[in-house]
Amino acid sequence: MSTVLELDRRHAWHPYTQHAQERDPIVISRARDASLFDEEGREILDLISSWWTCGHGHSHPEINKALCTQANNFEHAMFAGFTHRPAAELSARLAQILPGTLNRVFFSDNGSTAIEVALKLSYQYWRNQGEERRLRFLAFDGGYHGDTFGAMAVGKGSGFFSLFDELMFKVTALPFPDTWRGDDEIAAKEAIALEALDRELADGGIDISAMIIEPLLQGAGGMRMCRPEFLRLVTERVQAAGIPVIYDEVATGFGRTGTMFALEQAGVIPDIICLSKALTSGYMPMSVTVAKDEIFEHFLGDDFGRALAHGHSFTANPLACAVALRSLELFDEEHTLKKIAAISAQHERFLDERETSDNVIRLRCLGSILAFDLKDAGEGYKSGTSEFLRDYFLRRGLNIRPLGSTVYLMPPYCTTENELERAYSGILDGLAELGGATSP
Ligand SMILES: *Cc1c(COP(=O)(O)O)cnc(C)c1O
């Protein structure tokens, strides 16, 4: 056993891990493009982009260079009373690529904190206007927004956090009409969801602070996809009631869904947007909460009480900002959206061939994301199935971690046609093994 494992076993506490059962983690010692390499040099294709963070590829030479340059210049400076070129330029660049008046960028360190900031912003937006009874948030069933308390509250429809229920503020979760290839009930499901929304807004939604939405794709909730048209209708109705809409694009931002942001496909503009994960192409923990100018203006005044009393030690870390800026440039230089379109087309061809397969259902694809569910993977047996597959895939040199009975790919944008073919055949073999392992 390597020293790394000895030290890890004794001292590290891993995320979402039952340490009494979990086998030893894999020690990664190097990574390049779509591949991770363990201590023995064995390659593992990172087909879920290391929890959806890795964008252009691991250890990209251009991003490495930008990081070193900034580190040699200065590594960090506090962001209250100080500023610097990387943060100023990144704010301006984000405002430029985001639509409408989404112009005011607040920096924090991860997806969950970006959500906390958005929730506090929208609550205080009302308080600053003298409205003190807006104690409730709207969200969708199956939505996931992170693991801190506010994020857990709005993500309670995911079912991940029932242990902490009593500690959470008020959230109403509406039905989410997820859809897939050949779904002929989608119009009816959307109508039910819109009726539920209309009921919440019937009295003008006078106790509601904001609605939070993962646009087009519920990630951790099981890669559940909705139609852009539905997203547009929901956003328009909530905004018509004067209630801010928060888009959680922590996972969908920066190309994942085929466009730079998922919002582009719905043709609407939220009041607040949260971005993280691929913001730094997976290099550094950083996130932003971007608000419309109209929201920001309500925080101005002679009184500090109107200001947003929120901040983090590493707010707008220059290393992370420099990396994010370089990552954004690479979208143009490397024609990244074209690469994503090619990945998407290859996913669709793979799904075309699976249409008639009888062990997978709800086939779906959105940009670089491919997903389907396993048929007959009942509740109790669910986690057993996903663990079986996860281990099988790892033995095949593929990092694919099913979410319950949902198998999905979300590869880095540099993933080649050949690498994707390796992933597909690994999946098909894994499903065949699963059939063999579970038949009586
Ligand atoms: C991952 C994720 C978060 C939380 O981000 P962390 O960086 O893990 O805190 C929030 N919202 C969505 C949609 C996510 O996928």
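The values are calculated or read from the model by the stated rules, or taken from the named source; none is laboratory data. Fair warning: this is a prediction, and the values are worked out from it, not measured in the lab. With ideal geometry, Cβ positions are generated from the backbone for all residues, glycine too; neighbour counts draw on all protein chains shown. All accessible areas refer to the heavy atoms of the entire protein, side chains included, with ligands and DNA or RNA removed. Shrake-Rupley method; radii C 1.70, N 1.55, O 1.52, S 1.80 Å.
Could you count how many residues in the stretch 241-265 are of a type in the set (Gly, Ala, Ser) and closer than 22 Å to Lys189 by Cα? Steps first, please.
Kept after step one, since they are of a type in the set (Gly, Ala, Ser), are these residues of the stretch 241-265: 241-242, 251, 253, 255, 258, 262.
When the remaining residues are screened for being closer than 22 Å to Lys189 by Cα, the result is 262.
Counting residues in the stretch 241-265 that are of a type in the set (Gly, Ala, Ser) and closer than 22 Å to Lys189 by Cα gives 1.
Listed here are the residues, each with its yes/no results for (1) within 19 Å of Thr53 (Cα to Cα); (2) in contact with a helix residue (DSSP H, G or I) (Cβ under 6 Å, 6 or more places away or on another chain); (3) not charged (D, E, K, R).
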position	(1), (2), (3)
Leu337	yes, no, yes
Leu366	yes, no, yes
Ser405	no, yes, yes
Ile427	no, no, yes
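Could you list, in sequence order, all residues of the stretch 407-429 that are within 18 Å of the chain's Cα centre (by Cα) and open to solvent by 10 Å² or more (accessible area, probe 1.4 Å)?
Answer for the stretch 407-429, where residues must be within 18 Å of the chain's Cα centre (by Cα) and open to solvent by 10 Å² or more (accessible area, probe 1.4 Å): there is none.
If Val323 satisfies every condition in (1) out of contact with any Cys (no Cβ under 6 Å at 6 or more places or on another chain); (2) in a loop (DSSP other than H, G, I, E, B) but one, which is the exception?
Single failed check for Val323: (2).
Report yes if some residue within the stretch 313-325 is open to solvent by 50 Å² or more (accessible area, probe 1.4 Å), within 22 Å of Thr101 (Cβ to Cβ) and away from the ligand (no atom under 15 Å from the Cβ); otherwise report no.
no
Can you list the helices (runs of 4 or more DSSP H) found entirely within the stretch 49-164 that contain at least 3 residues being open to solvent by less than 20 Å² (accessible area, probe 1.4 Å) and within 16 Å of the ligand (Cβ to nearest atom)? It would help to see each step written out before you state the result.
Values: elements: 49-52, 61-73, 85-97, 111-127, 149-154.
Ranges flagged: 111-127, 149-154.
Of all residues in the stretch 188-242, which are assigned to a strand (DSSP E or B) and either among the basic types (Lys, Arg) or open to solvent by 50 Å² or more (accessible area, probe 1.4 Å) (or both)?
Residues of the stretch 188-242 assigned to a strand (DSSP E or B): 208-213, 217-218, 224-225.
Matches in the stretch 188-242: Arg224 only.
Among the residues of the stretch 37-48, count how many are buried (at least 21 other Cβ atoms within 10 Å of the Cβ) and not in a loop (DSSP other than H, G, I, E, B).
The number of residues fulfilling the criteria is 2.
One line per residue, one yes/no per condition, for (1) under 22 Å from the mean Cα position of the chain (by Cα); (2) over 21 Å from Ala153 (Cα atoms); (3) touching a residue at least 60 places away in the same chain (Cβ under 8 Å):
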position	(1), (2), (3)
Ala188	no, yes, no
Met211	yes, no, yes
Gly222	yes, no, yes
Phe230	yes, yes, no
Thr235	yes, no, no
Pro244	yes, no, yes
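Hey, any hits in the stretch 363-372 for a residue that's closer than 30 Å to Thr69 by Cα, in contact (Cβ under 8 Å) with a residue 60 or more places away in the chain, out of contact with any Cys (no Cβ under 7 Å at 6 or more places or on another chain) and open to solvent by less than 20 Å² (accessible area, probe 1.4 Å)?
Scanning the stretch 363-372 turns up no residue that is closer than 30 Å to Thr69 by Cα, in contact (Cβ under 8 Å) with a residue 60 or more places away in the chain, out of contact with any Cys (no Cβ under 7 Å at 6 or more places or on another chain) and open to solvent by less than 20 Å² (accessible area, probe 1.4 Å).
What single numbered condition from (1) open to solvent by 60 Å² or more (accessible area, probe 1.4 Å); (2) under 25 Å from the mean Cα position of the chain (by Cα); (3) under 19 Å from Ser276 (Cα atoms) fails to hold for Ile26?
Only one criterion is unmet by Ile26, namely (3).
So which of Asp203, Asp147 ends up being free of Cβ contacts under 8 Å to residues at least 12 places away in the same chain and within 30 Å of Gln129 (Cα to Cα)?
Asp203
Output the residues belonging to the stretch 327-343 that are farther than 14 Å from Thr415 by Cβ and not charged (D, E, K, R).
Answer for the stretch 327-343, where residues must be farther than 14 Å from Thr415 by Cβ and not charged (D, E, K, R): Ser327, Leu328, Leu330, Phe331, His335, Leu337.
Could you say whether any residue in the stretch 6-18 is closer than 22 Å to Ala320 by Cβ, outside any strand (DSSP E or B) and open to solvent by less than 40 Å² (accessible area, probe 1.4 Å)?
No, the stretch 6-18 contains no residue that is closer than 22 Å to Ala320 by Cβ, outside any strand (DSSP E or B) and open to solvent by less than 40 Å² (accessible area, probe 1.4 Å).
With Thr336, Thr289 as the choices, which residue is in contact with a His (Cβ under 8 Å, 6 or more places away or on another chain), at pLDDT 95 or above, open to solvent by less than 40 Å² (accessible area, probe 1.4 Å) and hydroxyl-bearing (Ser, Thr, Tyr)?
Within the list Thr336, Thr289, the selection yields Thr336.
Just checking, does the stretch 169-181 include any residue being open to solvent by 40 Å² or more (accessible area, probe 1.4 Å), within 11 Å of the ligand (Cβ to nearest atom) and outside any helix (DSSP H, G or I)?
no
Can you pull out the residues in the stretch 213-247 that are within 16 Å of the ligand (Cβ to nearest atom) and among the charged types (D, E, K, R)?
Passing the criteria: Glu214, Arg224.
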